[in-house]
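The block underneath contains the structure these notes are about, expressed in C-alpha cells.
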Amino acid sequence: MDFTGEERIAAPRDVVWAALNDPEIMRGCIPGCQSIERLSPSAFEATIKVKFSLLSATFHGLLTLSDVDAPKSYTLSAEGKGGLAGFARGSADIVLEERGAETILHYRSKAELGGGLAHLGARLLDSTSQKLAEGFFLDFNAAVVAKMARAEGLFKSAP
C-alpha cells in the first residue's frame, strides 16, 4: 500500500517541525493512539488501536526517525505487533516546504500488514490506511493552527 499527499498548514515551517516532534501533539493526531512515549531523540514507543471494518486490533511498537534534515524533512518508520491480528510496518517520508507564512507538508508513505490482517483483502486495507493517513494530517493541521492561535493570543495579551 503506497499513497502520497500534501497538507497546506497556516504556520511557519519551524512551528510545523516542532509539532511533528512533539509526542503530545502526535498522540492527539494519530487515529486510535492510546499512548506515545519518547525513548530517545529519534525513537518513540506507541500503542495504537486500529479498526478495520468489523475487526479492531491494538498494535504495540516503535516509531523511528531517520534521514533527519531539520527542519526540512525526515523519514518516520513504524513497526508494531497486534497479537493474533498480525503485524503492521510502514514508513512515511515527510518534507516541509516553506511557502510564505504557510508550510506545505508533503508525504509519501507505504504500509505492509501481515498475519491475520493480511487476509482481509487489499482493497479494505488500502482504504483504511488511506483514511488513517488523511485523518492524521487533517488533525495535525488543526492542532498546529490551534497551537499557533494560542501562542499569538499569549503574545498579544502580554504587557
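The values are calculated or read from the model by the stated rules, or taken from the named source; none is laboratory data. Worth saying up front: this structure is predicted, and the values here are computed from it rather than measured. Backbone-built Cβ (ideal geometry, glycine too); neighbour counts: all protein chains shown. Heads up: the accessible areas ignore ligands, DNA and RNA and are worked out on the full protein's heavy atoms, side chains in. Shrake-Rupley method; radii C 1.70, N 1.55, O 1.52, S 1.80 Å.
For this structure, a couple of remarks:
- As for region 69-90, it holds no residue that is part of a helix (DSSP H, G or I), open to solvent by 40 Å² or more (accessible area, probe 1.4 Å), in contact with a Phe, Trp or Tyr (Cβ under 7 Å, 6 or more places away or on another chain) and over 22 Å from GLN34 (Cα atoms).
- Counting only residues that are at pLDDT below 90, surrounded by fewer than 17 Cβ atoms within 10 Å (Cβ to Cβ) and more than 13 Å from the chain's Cα centre (by Cα), region 121-146 holds 6 of them.
- Among the candidates ILE104, ILE94, residue that is open to solvent by less than 40 Å² (accessible area, probe 1.4 Å), closer than 14 Å to ALA10 by Cα and either part of a helix (DSSP H, G or I) or in contact with a strand residue (DSSP E or B) (Cβ under 8 Å, 6 or more places away or on another chain) (or both): ILE104
- Scanning region 52-64 for residues that are within 17 Å of ARG27 (Cα to Cα) and open to solvent by 50 Å² or more (accessible area, probe 1.4 Å) yields HIS60, LEU62, THR64.
- Criterion: modelled with pLDDT of 95 or more, among the β-branched types (Val, Ile, Thr) and either surrounded by 16 or more Cβ atoms within 10 Å (Cβ to Cβ) or closer than 21 Å to LEU105 by Cα (or both) - qualifying residue of ILE9, ILE48: ILE9
- Any hit, region 13-23, residues being of a type in the set (S, T, N, Q), more than 19 Å from GLU134 (Cα to Cα) and surrounded by 13 or more Cβ atoms within 10 Å (Cβ to Cβ): no
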